[in-house]
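The structure appears below as structure tokens.
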Amino acid sequence: MTDKLLKVLHYSPVWLPLTETWLYSQVRHLPATIENHVVCRSVKNLHQFEVPNIHCLKRESPAGYLLHRALFLAGFREGFGFFDKVAARIWPDLVHSHFGNNGWTVHKAVRRLGVPHVVTFYGQDVSRMPAVHPIWRDRYREMFADEGTLYLCEGDAMAKALAGLGCPAERIRVQHLGVPVETIRYQPRAWSPGTPLKVLIAASFHERKGIPYALEALARLNREVPVEITVIGDAGASEESREEKRKILDVIERTNLGPATRMLGFQPHEVFWREAYANHVFLSPSITGHDGDTEGGAPVAIIELAASGMPIVSSRHCDIPEIVLDGRTGWLAGERDVDGLLDCLRLCLAAAPGWDGILAAGRRRIETEYDAAIQGRRLAEIYRQLVGAGH
């Protein structure tokens, strides 16, 4: 007996920034028994992230988009009239809002529809936003009162943070983000003593990424082993991001890392992969920012590169220790711990003759718990349980 086709309406205001490739992977790997629809304000990068049934306000009503944008900039966050129109047109079996703040925006509309609501939290929405703008604590509590809503997050650390905001524990479910493991070529890296260590750093320039600490550790390691550093990423529009770039450039200048460092800026995913296979180690030591900003879960790049056979040096931050098992599939330091990162890099290099076993264990972990196809089937089962419970 085949499963009944379920119609799911995904809400994401912009489909899709380059920094949210994991969201595309999540939707694309849902099984064929799920009919996906996406409702959004605007689209970008569609040549990379095309999916069927995109309902875009800017394309369907340019004037409506300008009005919505003006209201948004004026501070109105609740409600998205175009969402109601699309929902009435397609009448979904379930709505899946991506990011907690977007879930709050449409939660009353979903309640009026009378269908189950899935809201996935991903990071800033559970950490920085409620810390910097306490109004989001009140908004989330209002949304948490909707009994027909299930809340998903990447791992146990984020689940605890979500419960700390007042979300009922029985309505929180851990649903790992997946990467398309079958498309990621497994090429275990190898490094020989006496040759430069090639290190990749890939992240947008935000305090939570811990890039200055990574560079400080590499500057010290460079006194022992020659390093070649590739940085993919750049500052965004925010002043916080531009300030972080200034800190990064200051470390490079102060520690004389300039000759050893290539700054590539933002790059498409194919360039990310080309550089990944050309480097030995991925260094990604996330931290909790002074404004409370965290990864929430873990950077998806860690999952991708572990699947590719690349040694990972990271930090004991949020849900990263669920992906990188310290000393078994990679190495973890404390947050903001330059000495600890240096020790991890030394341990990584000392283990180079045995990297094959460590990297194979890392690949197996991703195949088991973070494969997009497996996670897509698990997410579809969550949808079916919710829809079944509502009938």
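The values are calculated or read from the model by the stated rules, or taken from the named source; none is laboratory data. Computed from a prediction, not measured in an experiment: that's the story for all the values here. Quick reminder, even Gly has a Cβ in these numbers, built from the backbone with ideal geometry, and neighbours come from all protein chains shown. In case anyone asks, the SASA skips ligands and DNA or RNA and just uses the protein heavy atoms, side chains included. Shrake-Rupley method; radii C 1.70, N 1.55, O 1.52, S 1.80 Å.
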Practice task
Give the distance, in whole Å, between the Cα centre of segment 295-341 and the Cα centre of segment 1-74.
Solution key: 30 Å
Completion exercise
Gyration tensor on Cα atoms of segment 306-391, a ≥ b ≥ c root eigenvalues, a/c under 1.5 rounded, else prolate if a/b beats b/c, else oblate, says oblate
Problem - Residue of 285, 311, 268 that the Gaussian network model of the chain assigns the largest fluctuation, springs spanning Cα pairs under 10 Å - result: 268
Handout entry: Accessible area in square angstrom per residue, segment 349-391, 1.4 angstrom probe
Key = 47 Å²
Exercise for the section: Only Lys, Arg, Asp and Glu count, each charged at its Cβ (+1, +1, -1, -1), so figure out the dipole size of segment 1-113 about its Cα centre, rounded to 20 debye. Expected result: 300 debye
Practice task
State the percentage of accessible surface on the chain attributable to carbon and sulfur atoms; use a 1.4 Å probe and exclude ligands, DNA and RNA.
Solution key: 54 percent
Handout entry: segment 187-242 - convex hull of the alpha-carbon atoms, volume per residue in Å³
Key = 89 Å³
Handout entry: Paramagnetic label zone (point 7 Å from Cα along Cα-to-C-beta, residue 141; backbone N under 17 Å) in segment 99-121
Key = 104
Exercise for the section: Putting +1 on Lys and Arg Cβ atoms and -1 on Asp and Glu Cβ atoms, find which of 375, 347, 36 reaches farthest to the positive end of the dipole of the chain. Expected result: 36
Practice task
Note the count of lysine pairs whose C-alpha atoms are less than 25 angstrom apart in the chain, limited to pairs 8 or more residues apart or on different chains.
Solution key: 18
Practice task
Obtain the nm distance between the two label points defined at residue 3 and residue 254 by a simple spin-label model: each point lies 7 Å from its Cα along the Cα-to-C-beta direction.
Solution key: 5.3 nm
Exercise for the section: Putting +1 on Lys and Arg Cβ atoms and -1 on Asp and Glu Cβ atoms, find which of 22, 292, 217 reaches farthest to the positive end of the dipole of the chain. Expected result: 22
Fill in the blank from the handout: Once Lys and Arg are counted +1 and Asp and Glu -1 for all other residues with Cβ under 13 Å from that of residue 17, the total becomes +1
Problem - For segment 250-391: relative contact order, % (alpha-carbon pairs under 8 angstrom, 6 or more apart) - result: 19 percent
Handout entry: Simple Cβ-charge dipole of segment 131-263, Lys/Arg +1 and Asp/Glu -1, about Cα centre, in debye nearest 20
Key = 420 debye
Completion exercise
The size of the Cβ-based charge dipole (Lys, Arg +1; Asp, Glu -1) of segment 238-389 about the Cα centre, to the nearest 20 debye, is 420 debye
Practice task
Could you please put 4, 209, 245, 58 in sequence from largest to smallest accessible area, using a 1.4 Å probe?
Solution key: 4, 58, 245, 209
Exercise for the section: Give me the distance in nm between label points sitting 7 Å out from Cα along the Cα-to-Cβ direction at residue 343 and residue 270, one decimal. Expected result: 4.4 nm
Exercise for the section: Give, as ranges by residue number, the residues of segment 42-62 whose backbone N falls under 14 Å from the point 7 Å along Cα→Cβ of residue 70. Expected result: 62
Completion exercise
1/(1 + (r/R0)^6) with r = Cβ-Cβ of residue 163 and residue 377, R0 = 35 Å, i.e. FRET efficiency to nearest 0.05, evaluates to 0.85
Practice task
Of the listed values (1) 23.6, 84; (2) 23.7, 69; (3) 21.5, 66, grab the one calculated as Rg and Dmax of the Cα atoms in Å from the structure here.
Solution key: (3)
Practice task
Please label the shape of segment 60-141 as rounded, prolate or oblate, based on the square roots a ≥ b ≥ c of the eigenvalues of the alpha-carbon gyration tensor (a/c under 1.5 means rounded; beyond that, a/b larger than b/c means prolate, else oblate).
Solution key: oblate
Practice task
Determine ³J(HN,Hα), in whole Hz, for all residues of segment 274-288 in sequence, where each value follows from phi through the Karplus function 6.51 cos²θ - 1.76 cosθ + 1.60 and θ = phi - 60°; x replaces Gly and Pro.
Solution key: 4, 5, 4, 6, 8, 10, 8, 10, 9, 10, 8, x, 4, 9, 8
Practice task
Pull out a ≥ b ≥ c, the square roots of the eigenvalues of the alpha-carbon gyration tensor of segment 237-356, then state rounded if a/c is under 1.5, prolate if not and a/b is larger than b/c, and oblate in the remaining case.
Solution key: rounded
Practice task
May I ask for the distance between the Cα centers of segment 353-381 and segment 186-234, given as a whole number of Å?
Solution key: 24 Å
Handout entry: Value in Å of the Kirkwood radius, where segment 82-222 supplies the Cα pairs that are averaged
Key = 18.2 Å
Handout entry: Signed unit charges on C-beta, dipole axis of segment 134-213, positive-most listed residue 178, 197, 155
Key = 197
Fill in the blank from the handout: Regression test value, accessible area per residue of segment 103-246, probe 1.4 Å, units Å², expected 41 Å²
Exercise for the section: Would you mind counting up the charge near residue 64? Only other residues with Cβ under 13 Å from its Cβ, with Lys and Arg at +1 and Asp and Glu at -1. Expected result: +3
Problem - Expected 222 nm ellipticity per residue - DSSP helices of 4 or more, -39500 (n - 2.57), all of the chain, to 500 - result: -13000 deg cm²/dmol
Exercise for the section: Please give the net charge around residue 253, taking every other residue with its beta carbon less than 13 angstrom from that of residue 253, where Lys and Arg add +1 and Asp and Glu add -1. Expected result: +2
